[in-house]
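The values are calculated or read from the model by the stated rules, or taken from the named source; none is laboratory data. Nothing here was measured: the structure is a model prediction, and the numbers come from that model. FYI the Cβ positions are ideal-geometry reconstructions off the backbone, even for glycines, and counts take in every protein chain you see.
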Amino acid sequence: MIVSVPSPPTALGAIAYLIIAYVPVQRFFRHRRERQIIRKYGYRQRGDLARMTMDEAGEILRDVLELEMTDAFEISLGYGFLQVSRTATFD
């Protein structure tokens, strides 16, 4: 029984295929989150942002931070809660 090892062009072709397939998949999922936020809040143009409330702006910021910088967001929330509890204790 002869075992064949894949030749380098085949391996390179597979890697190239994965890289080429990655870009549209990544683009689809990135813009899917953007479309979900637009659908949820309804702000499509810059002029629409003038009627945004502070609560809605905070929700949008929280959604984006949770998706884009999960670890940094959680650490900053924990640090903020520690600072608030520390100042409340010393007063």
Item to check | Odd one out for Y43 among (1) modelled with pLDDT under 85; (2) aromatic (F, W, Y); (3) part of a helix (DSSP H, G or I) | outcome: (3)
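Which residue is farthest from L67 (Cα to Cα), if the candidates are limited to region 12-47 and must be among the charged types (D, E, K, R) and touching a helix residue (DSSP H, G or I) at 6+ places or on another chain (Cβ under 7 Å)? Quick ask: steps written out before the conclusion?
Here is the first cut: in region 12-47, the residues among the charged types (D, E, K, R) are 27, 30, 32-35, 39-40, 44, 46.
Checking the rest, the ones that are also touching a helix residue (DSSP H, G or I) at 6+ places or on another chain (Cβ under 7 Å) come to 33, 44.
Numbers: R33: 9, R44: 20 Å.
Per the criteria, the residue is R44.
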